[in-house]
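What follows is one structure encoded as structure tokens, with my remarks underneath.
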């Protein structure tokens, strides 16, 4: 009976946001109970993920196999079942994603252990683990305890747990796993991209976001160019959508999408609350605005007070130049 | 669903769709229903929504995302109730809210509505920001926690979290301090007032919020409440008594009117501007308070008050009611009510558009930007105008 | 059928014949007056039956309380001398027919306000003056069930009154009220003057609105701030049936600090609002009504009135906008009282 | 993807076209008793050019086009009987010009009556227009297209007589102008050629009106209404005749109705009188009430109910709530004034037979040249039986109007059939030729005025 096991998942060469959320929650629970936090990540190429996960977990179990491409639930279940039997963690925790919905019930049956899904809170009480779930169409919050079991399975609601800083240096263990049989029902074919033209700004690592400061639709060209050299995607604030310069799926903010890119470049965006609500989770925020008093500077990590129409071409040139050097 | 289950089954067929519900103060156009003004399809008019609701109840049409969007595009601005010449007009909004309630019951609401309600349930505010951050707006203001002062100053969700709302909340706090009003706030212990929740049809959640708030207020011995938002004012004044919550509720403009009149607040610093005033629905049509905000403006030296063509019970809603400041079913077009409204404000020649509601403030300020009118028109809450007039920076 | 109690001997022994000699609309000397009133009592035709503007005033002027006005209108019907054109009479009679279902009877067991046929004026019944006072006939759709019917005196149709009134009284009585405060003094006059005159039983006590207001104001005396307005009172025809309550007008004005302006057409000399005169069957009725109204308003203006106070909604409808056009604010008495106790009148315009 | 839908999106933009059940449901209904028919698309254009594109597309795809203004005809004239495109014109809502001195206004087809009233009150208080009894959301173009009439019908005739010029999108997509505007000399007269009659009264089957020039009239400072009442319906024609002889009245209407009871069995007149001064008003009062109607007052046959300053615009929508049912429909017919007594009595019979409280009204047109007589039947939208009753009563009334030598105004399909059965064969044939020439593909509001 040792530790808490968090199952990390990934898609399209990135760890899923929900994994950071449950990892943060797992860290908190482990610290409270003075337990070890383990993270497991399975896939065809997991080195980068493992390094990332080590920021939170005491130990990262990295399972590598070509069979695991696309993170299919069936093979994963075999691995996780194996690990639970071996490690006997007090709790196995994962995000309530479609992946977890696919795997967790079947895993629970296979091992004969209790499962609580879509939990909005998880906490210790007198040494027991309890969970809160929202029932009756979200009208009632119910607290549950588990049937006697040495290990329990929990999935946590997406977006419910805030991501805390990691900053640890956990150790990484590579684990070999032999799949005994080949009787898989599902096969990974490949990722389907969103419909042509459609861009999912919530998945982008770099967002170049424009506001009304762009002045004219034709100036979008230089912004597209900047996004291209940065390997990012163009998003925008609401007025740009109102003018019909960009489609509404590119809108960031209260009435648009909530984004968490690694780099968010805000160009000519004043930073009204409605917009900031949608982007403040970005790792690094850079703002360019003529108005030094624009509220966006209060959330930005870096700021440039100038006309974006002057700055952007200069940036494009400089970045292209730097990239030219490295390539 | 059959008509017999629906509370207004014996009245909803009475709408003839004559279209009076679309008029402003006179017959100058048919664009005073915010949703109809935005889309101009008959489905989005008040009559259209009533007929569609009835068709849905009677099984003539199926529930759809589009139907939900049409119903939730109603901002509960009450223009229809005020303009409808027929005797059942008192129930028009109730009919809409009951239909939304049916959608909530079935879990079939537009996803932003769902988010809105879930966020309120979890964090007590529509943005889903932590309850622990609700009091951040007051940092450094010296505003005290409520502990038996004369007034509870209830700030509301927009005032507590929205950056612009926070500015007004702070300034109003300072104005009240300057006037020597004895008041306190709830800070992180404040919860959503529930006005929008009710209008979105989530009756159960509304009851829960109302009961909790009433219990909290009573526990603290609150007798008088002054609110920043007309939305809070409305529900506390009109709905809370139904939960045994009898408080003396005023909107801050009413309090300021009295303070200025009685010399309790010195506004001799003045505010030099040509100002037009936008009536918020929940102060105006819902509670027929058209005078207090105007009286405050008129008694501020330097303010030249000019009226928009639509005013008082003919005012055009900013489009933010019924949760639309968040769910935003009316945005994205030059026909959006907020953008129509700021253009109208500009036509008066005013350089300041005064509001008395944080929702209107954010909606209209956004619209001023979208219309590119920043150089001509500033959107200011009356609290900010008074703040400047009494020397608060 | 109910019979009017009219005592001819009283008339014979009367020395003034004030009923007709004081009439504001007919010029009659004492001898003619005696002859004509006796002719009428005997069921003979008289020019008085044709020229009467049905203003009720003779009912008040009569020094012996002998109901000359009730007599005139009875005989107008009997001799088929209708004061109004036939379609107006039919229209009037049909107006009082209830057509929106039966009233809901709530038992009150005590004092209540009766709006009569004026349920659509419920907005006037607000504030501390009326606090705690139950109201019967609040629903405008049911108001004709509480219609005192006395209006048909103007139509020369006392038979309609006698036929319908007992049912109306029954409806009110079903509410189990002991004291009925009458919103309009026409109802008060019906229950305290007309009913006894023709022998209809009234199983409750009627209270005049002004008496009620006077008493309420005395209770609220500490809250009164003198309104300091110059007022003229437009006496309605029905007030002639309750001249013993007329002193409350001055009483109320004194309490609220209103200055009752000195004028010619005041108290017993008050002029009709003209509403009934205008539609009368005679040549020149429209102009005659306009002339009466003009004289009345000029008189108020000359006396410096700032406000014209009404009791009767019909007078208000007829004269309200006319006085307003002449710079005098029309207001109902109860509203004026509200002003004095710091409330906002509901009907200021 | 539906190619017509896509083409419509390309013309007016995504937000202004719908093929979703909600819009199709709403645009399938008229407010009267007509059975609903669903369109395939609802479209709300903003410009004449967009309308041209839509009509061209409709011709190419053989899709019907059903133009719609306020949608208040009640006779089902904008119900898409053959599906197709419901063309809601209310976004075309600009008042383009008011020529004060020549007293006319040029408006786009979506401008409502109320919008013009309000605009004139604010900007040209000396001018007014003939406002129909419909709710003020009714459009000016829709009203003239059905030969509507308004509160200036007594001095000046039908609203369609007040048309100074039209811009039309023909059923084949070309834009044509009619009246003086067609030679570029302003919108002040519809004469001499070509003739706007090709489009007025055809219920949108010969083209789509996109602009109208409508005459405006002097608006006096005092406008008010006096009421007069008689018991004997036989007196109504002569009173109308006498009143029009004074040339001092504006709107002369006689009505009778079962509810409220005071109006039952009596004929009430409402007579509008206007004046610029009290002196003028009193002069007109004397002529109208004392000199002209005095004889009825003295004989006791007629009564004066007083005069009120300020015009209360009628709120006919209240009629819809008489049976707490949200609906009514009426037969309007252009009748000789002398038929008033018969119209009243027979109409009352029809109502009573169908268990509907009767409501009849005759509005004087011109110098009593005709009257617009209406028989109104309220129904309860939630009770199909009452709708059936009302529909039957309406059909019987259509028959009655023709029997009494009147002609049905804006008839629905049933009435159109009755009229065409009686129409001069050569006239009918001409109508057919005109229709074929203007609308070779038969796309314009099909079902209406179809000559077999």
(Q) Taking a ≥ b ≥ c as the square roots of the Cα gyration tensor eigenvalues, with a/c under 1.5 meaning rounded and otherwise prolate when a/b beats b/c, else oblate, which class fits the range C:8-78? (A) rounded
Q) Once both axes come from the Cα atoms, what is the angle between helix D:3-12 and the longest principal axis of chain D, in degrees from 0 to 90, rounded to 10? A) 60 degrees
Q) Given a cut-off of under 8 Å on Cα pairs at least six residues apart, what relative contact order in percent is computed for chain D? A) 15 percent
**Q.** Between the range D:419-452 and the range C:216-272, the Cα center-to-center distance that results, in Å
**A.** 74 Å
Q: Sort B:360, C:315 so that the residue with the fewest other Cβ atoms within 10 Å of its own Cβ comes first and the one with the most comes last.
A: C:315, B:360
Q) Taking every DSSP beta bridge that has both residues in chain D, what percent is antiparallel when rounded to the nearest 5? A) 90 percent
Q.
Under the 0.36 nm per residue contour assumption, what length would be gained going from the current alpha-carbon distance of residue B:272 and residue B:65 to full extension?
A. 69.7 nm
Q: Rounded to the nearest Å, what's the spacing between the alpha carbon centres of the range B:21-45 and the range D:321-386? Just the number, please.
A: 31 Å
Q | DSSP bridge orientation in the protein assembly as shown - percent antiparallel, rounded to nearest 5 | A | 45 percent
Q. Once the Cβ-Cβ distance between residue A:217 and residue A:317 is put in as r, and R0 is 22 Å, what FRET efficiency do you end up with, to the nearest 0.05?
A. 0.45
Q. When A:302, C:191 are ordered from fewest to most other Cβ atoms inside 10 Å of their Cβ, what list results?
A. A:302, C:191
(Q) If each DSSP helix of 4+ residues adds -39,500 (n - 2.57) and the sum is divided by the residues in the protein assembly as shown, what number results at 222 nm, nearest 500 deg cm²/dmol? (A) -10500 deg cm²/dmol
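Arranged by the count of other C-beta atoms within 10 angstrom, fewest first, what order do B:227, C:95, D:359 take?
C:95, D:359, B:227
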Q.
Quick check: Cα centre of the range B:225-252 to Cα centre of the range D:21-63, how many Å?
A. 47 Å
Q.
For peptide B:8-17, what's the mean number of Cβ atoms from other chains within 10 Å of each residue's Cβ?
A. 6
Q. Can you give the angle from 0 to 90° between the axis of helix D:425-438 and the longest principal axis of chain D, with both taken from C-alpha atoms, to the nearest 10?
A. 40 degrees
Q: Output the antiparallel fraction of DSSP beta bridges having both residues in the range D:36-132, as a percent to the nearest 5.
A: 35 percent
Q) Counting only Cα, what are the radius of gyration and maximum Cα-Cα distance Dmax of the protein assembly as shown, in Å? A) 38.8, 135
Q: Measure nothing fancy, just the Cα-based angle from helix A:17-33's long axis to the longest principal axis of chain A, in degrees from 0 to 90, nearest 10.
A: 50 degrees
**Q.** Rounded FRET efficiency, nearest 0.05, which uses the C-beta distance separating residue B:375 from residue D:232 and R0 of 60 Å
**A.** 0.25
**Q.** Residues residue C:13 and residue D:383, FRET efficiency given R0 of 45 Å [Cβ-Cβ distance, rounded to 0.05]
**A.** 0.10
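Every read-out reported here was derived from the displayed coordinates using simple, explicitly stated rules and does not represent laboratory data. Since we're looking at a predicted model, the values are computed, not measured. Don't worry about glycine lacking a Cβ; one is built from the backbone with ideal geometry, like all the others, and counts go over all protein chains shown.
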